[in-house]
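Data block below; observations after.
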Amino acid sequence: MVAGFKEFVMRGNVIDLAVAVVMGTAVTALVTSFTNAVIDPLFAAIGGSGSLGFGFTIVSGNPATFVNIGAVITALINFLIIAAVLYFLLVMPMNRFRERYMKPSDDAPPPEDVALLREIRDELRARREL
């Protein structure tokens, strides 16, 4: 049981996943801090002199009915920045690394589904020729 656990933990994809989670958490904290400190005040200024920010109140005089459009836009900007950072810092370099150093071998047999489809194709050709 311990050997199976050790094998599971030592697989590359488990380590990669752990690193990705930690990196994602760190980037999320950084971007959230940026949007809270820079983007939110900008939307609050656009919203006018009210303390609620960029949005509208459904029931006049009741701040509990305030629809905060600025918060939604900030969350969208937050998501796009995180996605861009992760793509350019993790995904794109890893794809380039795979293309450069992990080219598939020409001697490797095709995947099982491709081999099966080729057999079906050849069988259909053989039947058509009869």
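No value in this document is a laboratory result; all are computed from the given coordinates. In this text, all values refer to a predicted model and were calculated from it rather than measured experimentally. Cβ placement follows ideal geometry from the backbone for every residue including glycine, while neighbour counts extend to all protein chains displayed.
Which whole-number percent is the relative contact order of the chain (Cα, under 8 Å, 6+ apart)? Kindly include the intermediate steps, with their values, before the conclusion.
Details: 60 pairs, mean separation 20.2, N = 130.
That works out to 16 percent.
Would you please report the Å³ per residue occupied by the convex hull of the alpha carbon atoms in segment 64-116? Let's see the in-between values first.
Values: hull volume 6.8 nm³, N = 53.
Roughly 129 Å³ of hull volume per residue.
Which ³J(HN,Hα) values, rounded to whole Hz and listed in residue order, are derived for segment 73-89 from phi using the Karplus coefficients 6.51, -1.76 and 1.60 in 6.51 cos²θ - 1.76 cosθ + 1.60 with θ = phi - 60°, glycine and proline given as x?
5, 4, 5, 5, 4, 4, 4, 5, 5, 4, 4, 5, 4, 5, 5, 6, 9
Once you place label points 7 Å from the Cα toward the Cβ at residue 125 and residue 108, how far apart are they in nm?
According to this spin-label approximation, the distance is 2.5 nm.
Can you give the extra length, in nm with one decimal, that the chain gains between residue 60 and residue 46 once fully stretched, where that is 0.36 nm per residue apart less the Cα-Cα distance? The partial results should precede the final answer.
Numbers: separation 14, 0.36 × 14 = 5.04 nm, distance 1.94 nm.
Net length gain for the segment: 3.1 nm.
For segment 36-100, what D do you get in µm² per second when you plug the Kirkwood radius from alpha-carbon pairs into Stokes-Einstein at 20 °C and 1.002 mPa s?
On the way: Rh = 14.1 Å.
The Stokes-Einstein estimate is 152 µm²/s.
Convert 25 °C to kelvin, take the viscosity as 0.890 mPa s, use the Kirkwood radius over C-alpha pairs of the chain as Rh, and evaluate the Stokes-Einstein diffusion coefficient in µm²/s, rounded to a whole number. Let's see the in-between values first.
Values: Rh = 20.6 Å.
In µm²/s, the coefficient rounds to 119.
How far apart, in nanometres, would the label points at residue 25 and residue 68 be if each is projected 7 angstrom from Cα along the Cα-to-Cβ direction?
Using points 7 Å along Cα→Cβ, the separation is 2.5 nm.
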